[in-house]
Amino acid sequence: MASSKEIEIKFRVADLRALGRKLHAAGFCMTTPRTHEMNTLYDLPGEVLRGRKELPSIRKYGSEWTLTHKSKGKIGRHNSRVELETSVSDGRKMDAILRALGYGPSFRYEKFRSEWTDGKGQVVVDETPIGNFGEIEGAPRWIDATAKKLGVTAADYITKNYAGLFLDWKARTKSRAEEMTFNAVAGSRRQRSR
């Protein structure tokens, strides 16, 4: 089981191709091409875990399943939290186990992710139903230096998770979507245009 401190920032991406060119120019190599990812967060009744700022989830990335637990960290200039994760062979069975223990799905979100590295840290590019985002993950000084190379300023830094970004998007757009999936967001847009 892998345990580590995750330190990262997100930023909005207006032009995916331009970001790819900047990553190449900065010496990054793509380690994972565009891959579908589906995440399901779990909680106990009464949102007990959300209240403690904990996020257990099952992630399906391509054909691989992972059980993850992220716990409250420090949010300042960068988002820092403890992350535990382990591979699971069958995510559907893991879902059944969590449900049997009293946990239930509380939020689902999906994206298409590509991963890049320069050997010192990682930049991921996420295409989500609410827009495109990049994440820079590594040591704080490396994050800031990499952001500068990519034309991302400290004012562009986002420290919210995708659930928080989704709630902000819902408030701004008046969407009725209950999850950040392509189908739910597209269905919400169709309902509003009627």
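Using only Cα atoms, what Kirkwood radius does the chain have, in angstroms?
When all Cα pairs of the chain are included, the Kirkwood radius is 17.7 Å.
Nearest 500 deg cm²/dmol is fine: what mean residue ellipticity at 222 nm does the chain get from its DSSP H runs of n ≥ 4 alone, each adding -39,500 (n - 2.57), divided by its residue count?
-8500 deg cm²/dmol
May I ask you to give the solvent-accessible area per residue for the chain, in square angstrom, as obtained with a 1.4 angstrom probe?
56 Å²
Toward the positive end of the charge dipole of the chain, about the Cα centre and with charges on Cβ (Lys, Arg +1; Asp, Glu -1), which of Gly73, Ala163, Leu55 goes farthest?
Of the listed residues, the answer is Ala163.
Mind jotting down the three principal axis lengths of the range 33-83 based on Cα atoms? Whole angstrom, largest first.
Ordered largest first, the range 33-83 gives principal extents of 32, 32, 12 Å.
What Kirkwood radius, in Å to one decimal, follows from the Cα pairs of the range 129-171?
The Cα-based Kirkwood calculation yields 11.7 Å.
How big is the convex hull of the Cα atoms of the range 85-194, per residue, in Å³?
Cα convex hull per residue, to the nearest whole number: 156 Å³.
Comparing Ile97, Ile130, Ile58, which has the greatest mean-square fluctuation in the GNM of the chain with Cα pairs linked when under 10 Å apart?
Ile97
Enter the Cα centre distance for the pair the range 1-41 and the range 83-154, rounded to the nearest angstrom.
Each part's Cα centre sits 8 Å from the other's.
How large is ³J(HN,Hα), in whole Hz, for each residue of the range 127-134 in order, when computed from phi with the Karplus curve 6.51 cos²θ - 1.76 cosθ + 1.60 and θ = phi - 60°, using x for Gly and Pro?
Using θ = phi - 60°, the values come out as 9, 10, x, 10, x, 9, 9, x Hz.
What does the charge dipole of the range 1-150 about its Cα centre add up to, to the nearest 20 debye, if the Cβ of each Lys and Arg holds +1 and the Cβ of each Asp and Glu holds -1?
400 debye
Using a 10 angstrom cutoff on alpha carbons, build the Gaussian network for the chain and name the most mobile of Thr35, Thr173, Thr128.
In the Gaussian network model the winner is Thr173.
Trypsin sites (Lys or Arg not before Pro), restricted to the range 103-138: which are DSSP loop and have at most 12 other Cβ atoms within 10 Å?
Lys120
The values are calculated or read from the model by the stated rules, or taken from the named source; none is laboratory data. Being a predicted model, the structure only gives us computed values, none of them experimental. Here the Cβ is made from the backbone with ideal geometry for all residues, glycine too, and neighbour counts use every protein chain on show. Ligands, DNA and RNA are excluded from the accessible area calculation, which covers all protein heavy atoms including side chains. Shrake-Rupley method; radii C 1.70, N 1.55, O 1.52, S 1.80 Å.
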